[in-house]
Amino acid sequence: MDHRIDDETAALRAALLEFLRERMPDPGAEPGPGTRLDAWRELVGSEWLEHFASADRADPAARVAALHVAEAFGAVPVTGPVDVVAGYLLPLALATTWSAGLDRLRDGSLVTALVPGIDAPGPDAVPRRRAQRLAAVPDGHGVRVSGVLPQVACAAGADAVVVATEFGGRPAVALVELDRPGVVVGEPSGVDLRRPVADVALDAVAVDAAGVHAPPDLLDREDACAAGHSLFLDAEAVGGGTEVIARTVAYCTDRVQFGRPIGSFQAVRHRLADVTAKVEGARSLAYRVAWDLAAAAAGAPADVVASRMWSSGAYLAAGEAAVQCHGGAGFTWEQGVHVFYRAALAGRGGADLAAARTALAAHLRALAGPAPAGPGTGRAAEPVGATGGAHR
């Protein structure tokens with residue numbers, strides 16, 4: 001990997017940061033649904049959500065540059081399913097040339113989905129992501145979809161949800177309008193103020209034929225786009241971690257105790273230095289993985305999983321440090337630190353740690369090769385102390 005963030009990429013990130021800071025509502029101020037929807041429509045109309053999706057996925061430098069720009073979405077906690085749309089749905093619609101899906105994503109509507117999670121590793125131990133598919137049956141010129149999608153981001157305020165289905169023996173995706181009969185959206189919940197989650201239950205919900213898309217390579221495209229979504233979350237974690245550390249440094253520089261800025265105290269300085277190293281490590285790893293994924297390097301799918309675990313942990317550590325270094329004020333609503341801490345908590349939970357650890361363990365076992373042969377097929381193990389010097 002030999003890549004530097006050039007002036008054009010840095011300028012793009014700065015422009016996106018300026019756009020978001022000027023226009024996006026503060027989640028900590030509890031904006032109303034109308035305010036959130038207006039902000040979302042302006043964000044969609046600005047086409048900033050498409051920057052990450054439109055990057056050349058076969059160009060390593062382009063993927064790294066797109067990741068750098070996407071960090072701005074973490075630095076400004078935007079309300080709405082930004083990661084789902086920019087990190088997954090738009091790339092999937094572009095990759096599969098789904099015109100109906102693209103039109104809906106671009107018309108200002110709030111569209112969400114349940115992003116495929118990590119599946120159990122196969123014989124090749126390569127981590128893959130598989131969508132939860134709901135049942136779909138033919139109905140005139142369309143289909144009817146039934147099933148339950150758990151914990152869908154921003155479902156309570158969404159206009160439509162993209163559902164993975166099984167139709168005619170083939171995997172497909174369907175654009176389900178949430179105002180149709182048979183749709184029940186549960187109460188929003190979750191720790192993240194930007195993206196509350198809710199269950200979506202579908203009972204024979206009608207979907208027009210134009211809203212159903214079944215390309216032959218859908219499973220592979222879903223897997224690739226879900227891996228890209230994981231990297232988008234890494235970028236948000238890096239951007240959010242960097243922002244909350246910068247805010248904390250500014251606070252610790254201004255806050256004076258015992259006649260000195262609290263940032264001069266060793267305990268505070270070391271704590272912030274430690275989490276800064278973690279966040280910078282997460283940035284380096286995410287850039288490396290984005291490069292390797294575009295270059296189709298061996299082991300890149302497993303590295304995507306490792307990057308998600310590292311970046312989510314680094315963001316959470318930065319959020320915890322920020323709350324503690326702000327002292328008692330760190331727990332107050334007015335400081336705004338809680339918004340980043342909540343986002344970090346949600347991201348850590350979204351990493352699906354159990355599945356990630358299972359996938360990485362399978363990958364490491366595959367790298368280690370076959371297990372050693374049993375007794376009688378190689379040199380017998382020697383008991384402790386059987387050779388000279390074992391107890392010296």
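Read the figures in this text as sums done on the coordinates, not as results from a lab. What you are looking at is a predicted structure, and each value in this text was computed from that prediction instead of being measured. Here the Cβ positions follow ideal geometry from the backbone for every residue, glycine too, while neighbour counts run over all protein chains shown.
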DSSP bridge pairs, the chain: antiparallel proportion in percent, nearest 5: 85
Under the span-like rule (Cα at least 18 Å along the axis, Kyte-Doolittle mean at least 1.0), DSSP H helices of the chain: 353-368
Volume per residue that the Cα convex hull of the chain spans, once the total is divided by residue count, Å³: 198
Kirkwood Rh in Å, taken over the range 218-368 so that all alpha-carbon pairs contribute: 16.5
Per-residue ³J(HN,Hα) for the range 162-172, Karplus 6.51 cos²θ - 1.76 cosθ + 1.60, θ = phi - 60°, Hz, x for Gly and Pro: 8, 10, 7, 10, 10, 9, x, x, 10, x, 8
Rounded to whole Å, sorted largest first: equivalent-ellipsoid semi-axes of the range 116-249, Cα gyration tensor: 30, 21, 12
Built amide H within the under 5 Å cut-off of GLY117, gap 5+: ARG130, GLN132
Placed amide H near CYS154: partners under 5 Å, 5+ positions off or other chain: VAL197, ALA198
Which of THR112, THR358 has the fewest Cβ neighbours within 10 Å, and the rest in rising order: THR358, THR112
³J(HN,Hα) computed for each position of the range 116-127 - Karplus, 6.51 cos²θ - 1.76 cosθ + 1.60, integer Hz, glycine/proline x: x, x, 5, 8, 4, x, x, x, 7, 6, 8, x
Built amide H within the under 5 Å cut-off of PHE167, gap 5+: ALA172
Estimated Rh, the range 254-322: Kirkwood, alpha-carbon pairs, angstrom: 13.7
Over the chain: helical MRE at 222 nm, DSSP H runs n ≥ 4 each giving -39500 (n - 2.57), nearest 500: -15500 deg cm²/dmol
